[in-house]
Every structure is written in C-alpha cells, then in structure tokens.
Amino acid sequence: MKKKELTTKQKNADKDLNIIILFTLIPLIIYLFFGNSIMNFAKTSDINIWLRFIPIILIQFGLAGLGSFSAVCYRKEKLKEYGLVKKNLFKTIILSLIVCIPSLIFLLVNNEIKSYFPLKGCFFTEMFLNAQCPTNLLGYLLIVLVWGFFEGFNYVVISKKINDRYISGNKWINYGAIVCGIICILIHGMIGFDLYTIFEAITTFIIIYGMLIIKEHTNNAWGCILIFLLFWNAI
C-alpha cells in the first residue's frame, strides 16, 4: 500500500515540532545534570538577586518557551495566528474559568489554598516584590512574561503544530490538546496510583485540554495565558 504523501503544511509542522523538541531538550539536559546546583545557588541569599535569577529564568524559558518561540520566528508567523486577538476575549475568559473549577475544588478539599497572588508559584516572586524599585518592578514583569505568557503560549504553539501535522478525522478528538495535557502531567510528576495523584492528574488534564479546546472554539488564546498568570501559578 502506497504511503500517503504529507502536505506542505504537515511537512512544515513536522520540522517545527523537531525544532521545539531540540530546543527544549538542551535546557532539560542541563537541568537534569546541574538542576540541584542551580537551585542551591538560586537560594543563596547573600548573592545578588539578579545573578541567582538569571540561570532560573533561562532554564524556565528554555523548557517552556524557547522552542515554540523559535519555531514561530522561523516561520515568521504572526501572533494573531495563534489566537492572541481581542475577538471573543470575554467568552474565552468565562470558559477558561469553568475548566479551572475542578482543580479549584480539588485544592479546596485538600486544604491547599493558603493565599492568592498572581505568579506566587515562582519562588523569586516574593523576593522581587520585597526588593526596591525598579528591581521589584522589572523582576516581577520578567516573571509575568516567562512564567505567565510564555508558559501558556508554549502549549498553544505545540498544540497547533501537532494538529497541523496529525489531522484528526473526529471533531471531538484534538491530538494537540491531548498530548499537551499528558506532557503537563508528566512534567509536574503527577504519576501514581493513589487517589490524590489520580485526581490531581485528572484536574490538571482538564485545565490543559480544556483551555486548548476553548482556544480552538473561540480562536482566542488569551485564556491559556491568563490561566497560568492568574490560576496555575497563583494559588
């Protein structure tokens, strides 16, 4: 049986996915070998905050941003092609809030919500906010950019490239959203057979899969970014 020839769009998506994988593997390998040393250095309070912060932000951007951003730049694609538009913004925000509800309930049941602040999940957030101006402002803006914008945008790009490469014949099956949901679960180590881990993984998958399906439905990706800004890294 003759193998089906890939379209130009599929070939481009295939190449883009290889770019994303390559650029993500480099910081991942570095972190696997030097992660403990990097984190210990970052936590050394008597060293300048910027010297400690730079290695962390580079690793974070490398793992969740560099690959996808490189692919977008390589193709000279516009951000609006990935849903960074105003249209359907309100609808996207409302639907994005809904997919966060199961995770919120899970956290409440397990008494894990002690406080709320956007991007408090990055341990440098509190350090920068306690610093003097303009260090506090610049530091927090960089955290917003990398842990908020690029982490959410990264999933949008990966999902789109997967869907461009592997076209689903079923409108209810979104390969990109499924793969991104699984990737998120694996990255955050939600692997186990106890009830806590199972429900944590399920609620996480709902967020990632849900936000990407919403993006496909509304053609607006701001919900993906706002989830990481105002929910994922905030409680």
Single match in L95, L66, L79 (criterion: closer than 24 Å to G176 by Cα, modelled with pLDDT of 95 or more and among the hydrophobic types (A, V, I, L, M, F, W, C)): L95
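Taking the stretch 56-87, which residues are among the small types (G, A, S) and either crowded, with 19+ Cβ neighbours inside 10 Å or touching a Pro at 6+ places or on another chain (Cβ under 8 Å) (or both)?
Those that are among the small types (G, A, S) and either crowded, with 19+ Cβ neighbours inside 10 Å or touching a Pro at 6+ places or on another chain (Cβ under 8 Å) (or both): G62, A64, G65, G67, S68, A71, G83.
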Residue in the stretch 96-105 that is within 22 Å of I225 (Cβ to Cβ), surrounded by 21 or more Cβ atoms within 10 Å (Cβ to Cβ) and in contact with a Cys (Cβ under 7 Å, 6 or more places away or on another chain) present: no
Check on L226, in contact (Cβ under 8 Å) with a residue 40 or more places away in the chain and in contact with a Pro (Cβ under 6 Å, 6 or more places away or on another chain): no
Restricting the stretch 60-76 to residues that are touching a residue at least 12 places away in the same chain (Cβ under 8 Å) and part of a loop (DSSP other than H, G, I, E, B), the residue that is farthest from the chain's Cα centre (by Cα): G65
Residue that is without any contact (Cβ under 8 Å) to a residue 60 or more places away in the chain and either acidic (D, E) or assigned to a helix (DSSP H, G or I) (or both), where the choices are L107, L97: L97
Top-ranked residue of the stretch 182-203 - restricted to ones that are under 12 Å from the mean Cα position of the chain (by Cα) and not aliphatic (A, V, I, L, M), ranked as modelled with the lowest pLDDT: H188
Of all residues making up the stretch 13-59, the number that are outside any helix (DSSP H, G or I) and among the polar types (S, T, N, Q): 3
Residue among F90, F53, F123 that is under 27 Å from F23 (Cα atoms), among the aromatic types (F, W, Y), loosely packed, with under 13 Cβ neighbours inside 10 Å and over 16 Å from the mean Cα position of the chain (by Cα): F123
Segments classed as helices (runs of 4 or more DSSP H), wholly inside the stretch 132-235, with at least 3 members that are polar (S, T, N, Q), surrounded by 14 or more Cβ atoms within 10 Å (Cβ to Cβ) and touching a Ser or Thr at 6+ places or on another chain (Cβ under 9 Å): 195-218
Residue tally, condition among the polar types (S, T, N, Q) and under 30 Å from A131 (Cβ atoms), over the stretch 3-51: 6
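The values are calculated or read from the model by the stated rules, or taken from the named source; none is laboratory data. Bear in mind the structure is a predicted one, so any value in this text is a computation, not a measurement. Every residue, glycine as well, gets a Cβ built from its backbone with ideal geometry; the counts of neighbours run over all protein chains shown.
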